[in-house]
Every structure is written in structure tokens, then in C-alpha cells.
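The values are calculated or read from the model by the stated rules, or taken from the named source; none is laboratory data. Predicted model only: the values in this text are computed from it and were never measured. Every residue, glycine as well, gets a Cβ built from its backbone with ideal geometry; the counts of neighbours run over all protein chains shown. We work out accessible area using only protein heavy atoms, side chains counted, and drop any ligands, DNA or RNA first. Shrake-Rupley method; radii C 1.70, N 1.55, O 1.52, S 1.80 Å.
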Amino acid sequence: MNNKKTNRVFLSIILIILIASAIIFLLTSPIFLVKTIDVEGNTKFTKEEIINLSYLKTEKNIFIQRYLKSIYNIKKNPRILNVYIKFGLPNHLTIKIEEREEHYQLSTEKGYYIIDDQGYILKRTDEKQKLVMLKGLTTKELEKKERLDLKDLYALEKMNKVYNTIKSLKILDILSEIELTNKNYILKIGRA
């Protein structure tokens, strides 16, 4: 009985030593230094911009990179919807991103603001875009915001239903404006 107990302790010690050795090897071996970082899904960002946002580094061990922080940093950009990091062992990383789609534009004195269907403000431009114009929303100081105000998000949800219905009828290319007036929606047909 005592012999079995000694064998278990001995095997446990050997197992712990093997696991510790494997961990040390994985964290110190030059085989696991990141050599390449690729970016997929980017159309509005360069590869370098995404890598800079991520703070992922080449020549750093693949197991000690800060992946959750990288995903968080990239997703702070309002133009990014989702981020995934894929490992290609032993030394390759791929950052896959999904960008938010431009759906609407809002006109202000400071220019046009492009937003997605969730109310995120994607960019400001001086020129009118070929997107549906939204009118009647009350969010002010768009340059300081990341997203529309809550009241406008509720209205946007209904505007999205109108937009998607028009899209399903395959006549979206003639819709130029959706205006909210006292809980009614006025559609303007014809592109300028």
C-alpha cells in the first residue's frame, strides 16, 4: 500500500516537472516568436492601421501577447463591428475584422455625418454621399459623439424597418430621404 502511494507521488512530481518544462519551452523558444501578422476584412483601413490599433507585436512570443486588450483597442474604433484573432502556430497571427456598413447620412452645418443602421457615427464628410438622408433626428453636437442619442436610436429602429422594406422591394436606389415628423415618416423618392 505504501509503495503505491510513493509511486503516485513520484508520478505526480514527474508530471509537474514535464508540464513546467513544456510551459518554459513554449514561453522561451524562438520558434514561437510572432513573425507575421495579417489582417482580413479591411476595406476602409490599411493593414498597418489595424496592427497599430491592436498593439500586437512581431518578435514577441505568441503566447504572451495581450489578445483581449488588442480586441478591445480595435473595437474602440466606431467603424469596427467585430474583431477576431486567429492563431497560426507556431508564429503567425491573423486579425479578422468586420467593418460597420454605411447606411445613412445626416446633414448639419458642419457637414454630413455618415452613420450605420445601429446609430454609430462613422465619419464626417464635406460632400453629400449617395446614401439615404435622415431628417428629423434631434441628436446635437455629432462631432463629439460616437453614437446617436437614445431617443434617436428608437426612431432609427423604425427607420431601419422602412429602409429594409424598401430594400426588399428592390427600389432602394430611388429612395433619397426618410424624414421623421411627429411620429410619421415621410419618404422622398428620387436621387439628386
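Let's see how each residue does on (1) without any contact (Cβ under 8 Å) to a residue 24 or more places away in the chain; (2) of a type in the set (Lys, Arg); (3) open to solvent by less than 100 Å² (accessible area, probe 1.4 Å); (4) closer than 15 Å to residue 188 by Cβ:
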| residue | (1), (2), (3), (4) |
| --- | --- |
| 110 | no, yes, no, no |
| 120 | no, no, yes, no |
| 136 | no, no, yes, yes |
| 148 | no, no, yes, no |
| 160 | no, no, yes, no |
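Just one of (1) open to solvent by 20 Å² or more (accessible area, probe 1.4 Å); (2) in a loop (DSSP other than H, G, I, E, B) fails for residue 38. It is (2). Within segment 80-98, restricting attention to residues that are within 11 Å of the chain's Cα centre (by Cα) and open to solvent by 30 Å² or more (accessible area, probe 1.4 Å), the residue that is farthest from residue 37 (Cα to Cα) is 81. From the list 179, 102, 143, which residue is part of a loop (DSSP other than H, G, I, E, B) and not β-branched (Val, Ile, Thr)? On inspection, the qualifying residue turns out to be 102.
Given the criteria open to solvent by less than 20 Å² (accessible area, probe 1.4 Å) and free of Cβ contacts under 8 Å to residues at least 24 places away in the same chain, does residue 73 qualify? Break it down stepwise before answering.
Details: open to solvent by less than 20 Å² (accessible area, probe 1.4 Å): yes; free of Cβ contacts under 8 Å to residues at least 24 places away in the same chain: yes.
Answer is yes for this residue.
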